[in-house]
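As structure tokens, the structure follows; a few thoughts come after it.
The values are calculated or read from the model by the stated rules, or taken from the named source; none is laboratory data. Quantities reported herein were computed from a predicted structural model and do not represent experimental measurements. Here Cβ is always computed from backbone atoms with ideal geometry, including for glycine, and neighbour counts include all displayed protein chains. The protein model used for the area step is the full one, side chains on, heavy atoms only, and it has no ligands, DNA or RNA in it. Shrake-Rupley method; radii C 1.70, N 1.55, O 1.52, S 1.80 Å.
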Amino acid sequence: MLVGGGHAHLKCLARIKIENASLNHSVILISPDRYQYYSGMFSGFTEGIYSLDDIRIDLKNLAERAGITFIEEKVVNVSVYDKTLTTEDGAIVPFDVVSFDIGSNMEIPPSFAEWLMPIKPNYLFAEKIISYRKKEYPVVVGGGASGVELALAMTAWRNTNGYPQNVTLITSSTPLPSSSRKATTIIRNVAASKGLRIIEGDTVKEMHGTHITTKNQVNLPHSHVLWVTGPRASGIFHDSHLPCDENGFLLVKNTLQAKGMPYIFGAGDCITMEKHPQLPKNGVYAVRQGELLWENITRYLKKETCRTFNPQRHFLSLISTGNQEALFQYANFTFHHKIAWKLKHKIDVAFMRKHQ
């Protein structure tokens, strides 16, 4: 059973398609939506560069081409006693081995929920962002890569389509706090030149129907808020009594197997690696985990020793900044240019073509 259509499971499907004739097992992919939306192109879609079909993968079609079964259901519980999954509509699905690649949710304060615009799960994104980019007072909360990309993409779209340049980004630290000082300085300058207002070192204290008040007593109007802060784990692992870290993410060993439950695998944003708990939850590591995931699943079924995943120290980061420009980061090398966006576009389109 493959639960979820994230980056790692897409890699598995590619391997299964190649190895289909020699498969000795029945494989099922189960996901709450027929389509998987590629987050790497969300900013380009927001800006109007990509169409809906450009950013989504038809999981049902992909599964059928790989010769496996697709079920459009949301899994809500895992029973380790009889090895079954329970779906939202109450169906019971048995498994011998199960792998989770279901991504993460956003950490949303309950007191603000009424005025927030959710973009996760990912299949909600396209519909939500099309209406939100036209709002009277768009506000984005979260200064990480996703928040910066979406705020700048909306700014670019509004400029192109004659809307006021009044997008505001609120971040509790600096923009791109996990990046270098140079990257932060570049983003500040880019935002200023393109008309994006950034409120740094501040958090939302109060939120009402039309206005926000920050901890530093900044008052500003809003038309609902895009809340793009840190990831929150799905409740399925904790509720099913699976091994979890302190935040509810599935806790796995370096073989991508759940601690103490070798028949349960996981990859991508929904897991925490026991020996690498601070590993960023991003698509770069999910893709690399996918290269090993299917091999280890088949090794386990053959009663062979599973291999270990060793995350690379540095990875390429390309952050879109609107107007077909992007910020390039690798190790200590950082620059902002249209060339960086062209590279990002080439990588993203190549990724999608492999799976569409």
Can you tell me which of 226, 251, 242, 293 is assigned to a loop (DSSP other than H, G, I, E, B) and not aromatic (Phe, Trp, Tyr)?
242
Taking the range 169-183 and keeping only residues that are open to solvent by 10 Å² or more (accessible area, probe 1.4 Å) and not charged (D, E, K, R), one is left with 172, 173, 174, 177, 178, 179, 180
Candidate set: the range 324-356, residues that are farther than 17 Å from residue 53 by Cα and touching an Asp or Glu at 6+ places or on another chain (Cβ under 8 Å); chosen: the one least open to solvent (accessible area, probe 1.4 Å)
340
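Let's see how each residue does on (1) of a type in the set (Phe, Trp, Tyr); (2) closer than 18 Å to residue 4 by Cα; (3) at pLDDT below 95; (4) part of a helix (DSSP H, G or I):
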position	(1), (2), (3), (4)
255	no, no, no, no
262	no, no, no, no
272	no, yes, no, no
281	no, yes, yes, no
284	no, yes, yes, yes
308	no, no, no, no
314	no, no, yes, no
339	no, no, no, yes
Please list, ordered by residue number, the helices (runs of 4 or more DSSP H) wholly in the range 1-64 having 3 or more residues that are in contact with a helix residue (DSSP H, G or I) (Cβ under 9 Å, 6 or more places away or on another chain) and within 23 Å of residue 320 (Cα to Cα).
42-47, 52-55
Among the residues in the range 197-206, are any touching a residue at least 24 places away in the same chain (Cβ under 8 Å), touching a helix residue (DSSP H, G or I) at 6+ places or on another chain (Cβ under 9 Å) and at positive phi?
no
By residue number, the members of the range 66-76 that are surrounded by fewer than 16 Cβ atoms within 10 Å (Cβ to Cβ) and touching a Lys or Arg at 6+ places or on another chain (Cβ under 6 Å) are 72
Report, by residue number, each residue of the range 228-286 that is of a type outside the set (A, V, I, L, M), on the phi > 0 side of the Ramachandran plot, in contact (Cβ under 8 Å) with a residue 24 or more places away in the chain and open to solvent by less than 30 Å² (accessible area, probe 1.4 Å).
268
Conditions first: (1) open to solvent by less than 80 Å² (accessible area, probe 1.4 Å); (2) at pLDDT 95 or above. Residue 160 passes all but one, so which condition is the exception?
(1)
If I go through the range 296-306 residue by residue, how many of them are loosely packed, with under 14 Cβ neighbours inside 10 Å and either of a type in the set (A, V, I, L, M, F, W, C) or not in a loop (DSSP other than H, G, I, E, B) (or both)?
1
Within the range 73-108, the residues that are outside any loop (DSSP other than H, G, I, E, B), of a type outside the set (Gly, Ala, Ser) and out of contact with any helix residue (DSSP H, G or I) (no Cβ under 7 Å at 6 or more places or on another chain) are 84, 85, 86, 87, 92, 93, 94, 98, 105, 106
Residue under question is residue 223, and the condition is that it be in contact with a strand residue (DSSP E or B) (Cβ under 9 Å, 6 or more places away or on another chain) and open to solvent by 30 Å² or more (accessible area, probe 1.4 Å); does it hold?
no
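Table: residues versus (1) surrounded by 17 or more Cβ atoms within 10 Å (Cβ to Cβ); (2) farther than 30 Å from residue 213 by Cβ; (3) within 19 Å of the chain's Cα centre (by Cα).
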{"residue": "31", "(1), (2), (3)": "yes, yes, yes"}
{"residue": "78", "(1), (2), (3)": "yes, yes, no"}
{"residue": "90", "(1), (2), (3)": "no, yes, no"}
{"residue": "98", "(1), (2), (3)": "yes, yes, no"}
Might you let me know whether the range 134-145 holds any residue that is open to solvent by 60 Å² or more (accessible area, probe 1.4 Å), more than 16 Å from residue 226 (Cα to Cα) and modelled with pLDDT of 95 or more?
no
Find the residue count for the range 114-173, including only residues that are β-branched (Val, Ile, Thr) and either under 16 Å from residue 50 (Cα atoms) or part of a helix (DSSP H, G or I) (or both).
5
Filter result (surrounded by 16 or more Cβ atoms within 10 Å (Cβ to Cβ) and at pLDDT 95 or above) within the range 36-55
41, 42, 43, 44, 45, 46, 47, 49, 50, 55
Examine the range 326-335 for a residue that is of a type in the set (A, V, I, L, M), in contact (Cβ under 8 Å) with a residue 60 or more places away in the chain and not in a loop (DSSP other than H, G, I, E, B), and state whether such a residue exists.
yes
